[in-house]
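To keep things clear, I will list the structure first and then write my remarks on it.
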Amino acid sequence: GALAGTITTIYGIQLTYAARKDDAGARSVKSVVKVSGTSYFGSTNSLPDGSYAYFTDQWILNPNTGLNWTIGDVNGAAYGYNMVS
């Protein structure tokens, strides 16, 4: 859900996700945060065979502005992950 308007300081955002590979061939993924129509990607991570692995990326500053995150920035952004290969 959206952040409440009573929050006064945002120290950054963190995306953590679990992923696994369940087919043949190598696979890798990376997290993505979309701010003001532009996508910003986290680290590319190789997926293990059969078991889940957890991955985390942080954005201390808003990558769109280079400034601290605001409540509007966080609430207006979209978050997810992308398959690289």
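Among the trypsin sites (Lys or Arg not before Pro) within segment 3-36, those in coil by DSSP and having at most 14 neighbouring Cβ atoms inside 10 Å are Arg20. Using only side-chain charges placed at the Cβ, +1 for Lys and Arg and -1 for Asp and Glu, the dipole size of the chain relative to its Cα centre rounds to 60 debye. Within the chain, which is the longest segment containing none of the chymotrypsin sites (Phe, Trp or Tyr not before Pro) that sit in a DSSP loop and have at most 15 other Cβ atoms within 10 Å? Here the longest segment lacking exposed loop sites spans 12-51. The residues of the chain expose, per residue, 63 Å² of accessible area to a 1.4 Å probe. With a 1.4 Å probe rolled over the protein heavy atoms of all chains, the accessible area of Ile10, Ile60 falls in the order Ile60, Ile10, largest first.
Which residues does a label at Val84 reach in segment 11-38, if reach means a backbone N under 11 Å from a point 7 Å past the Cα toward the Cβ? It comes to 27-31, nothing else. With 0.36 nm allotted per residue and the present C-alpha distance subtracted, the Thr6-Asn75 stretch has 23.5 nm of extension available. Remark: C-alpha extents of the chain on the principal axes read 46, 22, 17 Å, sorted largest to smallest. For the chain, carbon and sulfur atoms together expose 51% of the accessible surface, with a 1.4 angstrom probe and every protein chain in place.
The values are calculated or read from the model by the stated rules, or taken from the named source; none is laboratory data. Because the structure is predicted, anything quoted here is derived from the model rather than measured. Using ideal geometry, Cβ is built from the backbone for each residue, glycine included, and neighbour counts are taken over all protein chains shown. Quick note on the areas: whole protein, heavy atoms, side chains included, nothing else; ligands and nucleic acids left out. Shrake-Rupley method; radii C 1.70, N 1.55, O 1.52, S 1.80 Å.
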